[in-house]
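Beneath this line is the structure, given in structure tokens, with notes to follow.
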Amino acid sequence: HWHGLHVPDTMDGHPRFAIAPGERYVYEFTVLNRAGSYWFHPHPHGRTGAQVYFGLAGLFLVSDDEEAALGLPSGRYDIPLVLQDRSFDRNNQFIYLGSGLLDDAPTDSLDRSPMMGGGMMGRGMMRGGMMRGGMGSMMARMMGVLGDEILVNGRSRASLSVEQRPYRLRVLNGSNTRTYKLAWHDGSPLIAIGSDGGLLTAPVRRDYVMLAPAERIDLWVDFARWSAGSEISLQSLAFEGGMNMGGMNMGGMMMGRSALPDGAPFEVLALRVEEGSQGAQETAPPARLSEVPSPDPRAAVNFDRPKIFELTMGMMAWGINGQSFEMLEASPYETVKLGTHELWEFRNDATSGMMGMAMPHSMHVHGVQFRVVERTVSGRFAGYGESARAGFVDEGWKDTVLVMPGERVRILVHFADYPGLFLYHCHMLEHEDGGMMRNYRVTV
Ligand code: C2O
Ligand code: CU
Ligand code: CU
């Protein structure tokens with residue numbers, strides 16, 4: 001799957017095209033997307049989490065003339081940073097859901113679905129989670145896998161030596177479930193020049209940037225800001241993740257899910273600033289980057305009745321509007337007309353499920369780049385929203401959007417060029433594998 005690319009449905013890596021070992025499927029398409037940092041990963045249903053965790057994911061950089069004309073830092077000054085968290089066993093092997101073996105990944109979600117399995121926990125969960133990996137693994141399968149080491153481009157305790165000059169840092173959150181709250185160690189503002197779908201109209205400044213699984217942020221930084229010899233760092237700050245109730249971290253340590261709960265602070269990347277050849281005068285990025293028209297919600301055919309997608313927790317499994325994944329199905333509600341715009345609203349009201357369980361979700365729509373038109377947050381969860389709110393970069397084209405507990409995010413989507421069956425889902429990969437994924441159908 002080419003995450004973020006606008007391609008025909010048969011070229012999108014939908015799980016209905018998953019191939020068995022030894023089989024082949026030829027992907028052939030024209031890249032129509034504008035310059036940006038896209039990425040790729042496999043998408044076999046129920047196995048995406050394991051396959052990405054064990055290494056099958058990478059960046060897919062698209063460039064074009066508009067971008068080239070800006071003269072942004074390039075070559076060795078254009079640095080991809082893929083952030084992933086992993087846990088290792090005593091032999092330095094990956095641990096995924098209580099096991100290091102890829103074959104232990106669930107083979108399908110049907111036997112884990114509470115509707116199908118009957119009872120509190122589906123058979124698969126009992127088999128793969130409870131019995132093999134214990135309580136922590138069962139929680140991880142449901143809430144998402146968190147590693148206790150942070151890897152940057154596959155390295156733990158990553159460090160980088162930089163010159164006193166401008167750089168472009170393309171950051172991808174390639175983690176299965178973890179969200180990052182990125183900031184410079186000294187509170188210097190982060191300057192974002194692009195997001196999921198390429199360049200913004202103009203650079204934006206943020207004290208921190210929230211980056212949910214699958215989101216990308218394109219940062220511009222002139223290291224001349226710091227004196228030669230400085231040891232600086234890119235960090236992830238503390239925030240209210242999900243499942244923190246009354247100071248008790250249900251999803252993290254309490255349940256043995258990870259020694260590093262979602263929302264815990266840590267260092268992402270250590271940098272050492274070397275003397276530059278350009279002199280130590282800090283410069284600014286181009287004031288004008290690209291043309292990103294502001295979204296017009298009135299373009300939507302359902303302007304008066306946005307489609308609501310509730311992020312729901314059923315019996316130990318996440319869903320969308322209470323529904324789970326079905327390989328070839330899209331309901332009439334999930335059917336859209338080719339060439340139209342629609343307003344969709346993802347609601348993380350967290351009213352369903354046990355104990356008002358609340359978690360952020362990272363909502364992704366295949367085949368398109370959309371615009372965020374509105375965010376609202378409800379009283380009960382105002383705190384979660386507050387610790388994240390100032391860190392959203394919603395100005396540009398997006399394919400994935402973080403929906404914090406209590407939040408409602410309204411997006412404007414244009415279904416252009418390609419009819420067919422596409423996915424939309426939570427990009428927290430264990431949620432997705434567990435069924436928090438649905439199809440939508442584009443009809444002519
Ligand atoms: Cu990154 Cu369904 O995709
Ligand atoms: Cu995708
Ligand atoms: Cu989710």
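The values are calculated or read from the model by the stated rules, or taken from the named source; none is laboratory data. Bear in mind that the values here come from a model prediction, so they are computed numbers and not experimental data. Note that each Cβ is placed from the backbone with ideal geometry, even for glycine, and that neighbours are counted across all protein chains shown. The accessibility values were calculated without ligands, DNA or RNA, using every heavy atom of the protein model including side chains. Shrake-Rupley method; radii C 1.70, N 1.55, O 1.52, S 1.80 Å.
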Notebook entry, point to check: Out of all the residues in the range 357-372, which are away from ligand 2 (no atom under 16 Å from the Cβ) and open to solvent by 10 Å² or more (accessible area, probe 1.4 Å)?
Noted result: ARG371, VAL372
Next item on the list: For the range 283-292, state whether one or more residues are at pLDDT below 95 and surrounded by 15 or more Cβ atoms within 10 Å (Cβ to Cβ).
Entry: no
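Residue by residue, here is whether (1) crowded, with 22+ Cβ neighbours inside 10 Å; (2) under 21 Å from LEU402 (Cα atoms); (3) more than 21 Å from the chain's Cα centre (by Cα) holds:
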residue	(1), (2), (3)
THR179	yes, yes, no
ILE193	yes, yes, no
ARG216	yes, yes, no
TRP220	no, no, no
ILE232	no, no, yes
Check: What are the residues in the range 405-444 that are away from ligand 2 (no atom under 15 Å from the Cβ) and within 16 Å of the chain's Cα centre (by Cα), if any?
Finding: PRO405, VAL409, GLU430
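Which count do you get for residues in the range 400-417 that are out of contact with any strand residue (DSSP E or B) (no Cβ under 8 Å at 6 or more places or on another chain) and at pLDDT below 95?
Taking the range 400-417 and keeping what is out of contact with any strand residue (DSSP E or B) (no Cβ under 8 Å at 6 or more places or on another chain), we get 405, 416-417.
Next, only the ones that are at pLDDT below 95 stay: 405.
The qualifying residues number 1.
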Check: If you go through the range 14-48 one residue at a time, how many are touching a Leu at 6+ places or on another chain (Cβ under 9 Å) and more than 22 Å from PRO80 (Cα to Cα)?
Finding: 8
Next item on the list: Please specify each residue of the range 373-429 satisfying the condition of being touching a Lys or Arg at 6+ places or on another chain (Cβ under 6 Å) and surrounded by fewer than 18 Cβ atoms within 10 Å (Cβ to Cβ).
Entry: GLU374, THR376
Checklist line | When residues of the range 12-58 are limited to those that are open to solvent by 30 Å² or more (accessible area, probe 1.4 Å) and assigned to a helix (DSSP H, G or I), the one nearest to LEU421 (Cα to Cα) | finding: ARG16
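Inside the range 1-28, can you point out the residues that are more than 16 Å from ligand 1 (Cβ to nearest atom) and of a type outside the set (Ser, Thr, Tyr)?
Applying the first criterion (more than 16 Å from ligand 1 (Cβ to nearest atom)) to the range 1-28 yields 19-26, 28.
The answer is ILE19, ALA20, PRO21, GLY22, GLU23, ARG24, VAL26, GLU28.
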Checklist line | Which listed residue, of MET327, MET315, is open to solvent by 50 Å² or more (accessible area, probe 1.4 Å) and within 16 Å of ligand 1 (Cβ to nearest atom) | finding: MET327
